[in-house]
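Comments concern the structure below.
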Amino acid sequence: NWTTLYAWVFHQARTAGVCHYEYANEPETFAFKLKPGVYVRSLQINADAIHSAIADVNRLYGMSLTPVFAAPVLAGSGTSELAREMMRMIRTDFEGRRADPPLVEWFCKHRYNSRPRSFVSEIDEMNSMMRAESPDGEALPIIYSEFNHSTGRMWARPETTFTCDTP
C-alpha cells in the first residue's frame, strides 16, 4: 500500500503540483467500526508515503510543494476516541520515531443537520481536545470538507428538514 500511494502522489505532485490530501473518509462509519489503533497505524503509513513522495519531487525536480494531509475526516464527534488517538500519535511515525512534520497538517471534519451556530461550540471542543491530547499541546487548523444543513437523504422530506430554503 505504501508503494502504491507513494507512486500515485509522486506522479500527481510532479505532473500537476497536487500536494493536498485527505485521509479515509468517515472512518468511524466503516463496517465493523475501525479501531483507533488500526486507524492510526494506517494513517502513519499513508502520511509517510505522502510526505516522502512530495519531498522527493521537490528534491528531484526543484519544486517547492508543501504537503497538506488532512485527517481524521470524521462524520460524528470530532472529539471521539479515534480523533484523540490520532492526536496522541500525531508526532509518532510508523517506526515509532518522532514525526517531523506531524502526521497530518489539518484536522478534518464533516458536519450535517446543524444550524451554523453549532460550529462554534464544536470547534471550541475540538481545539480543547487537540491541545489536551497532542504531545506538543498544540491544536491543528480545522477544516470542514463537507458541510450542509442536511444530508442528501433528508431532501426527500423537505417539509421536515432545515435546508437552505427554510426561512
Degrees, to the nearest 10: 36-61 long Cα axis against longest axis of the chain: 50 degrees
Estimated dipole of segment 68-143 in Debye, rounded to 20 [Cβ of Lys and Arg +1, of Asp and Glu -1, Cα centre]: 260 debye
Beta bridges by DSSP in the chain, antiparallel share as percent, to the nearest 5: 10 percent
The chain, accessible surface, carbon-and-sulfur percent (1.4 angstrom probe): 55 percent
Size descriptor, Kirkwood hydrodynamic radius, that averages inverse alpha-carbon separations across segment 111-150, Å: 11.1 Å
Listed residue (Ile90, Ser134, Val120) projecting farthest to the positive dipole end of segment 77-146, Cβ model: Val120
Accessible solvent surface per residue of segment 51-104, calculated while the other protein chains remain in place, 1.4 angstrom probe, Å²: 44 Å²
Distribution of pairwise C-alpha distances over the chain, 10 Å bins, in %: 10, 34, 31, 18, 6, 1
Stretchable slack from Thr4 to Asp136, in nm (0.36 nm times residue separation minus alpha-carbon distance): 44.4 nm
Given charges at beta-carbon only (K, R positive; D, E negative), |dipole| of segment 4-112 in Debye: 140 debye
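The values are calculated or read from the model by the stated rules, or taken from the named source; none is laboratory data. Quick caveat, the model's predicted, so the values are computed rather than measured. Cβ atoms come from the backbone with ideal geometry, glycine included; neighbour counts cover every protein chain shown. Ligands, DNA and RNA are stripped out before the accessible areas are found, and what is left, the full protein with its side chains, is counted by its heavy atoms. Shrake-Rupley method; radii C 1.70, N 1.55, O 1.52, S 1.80 Å.
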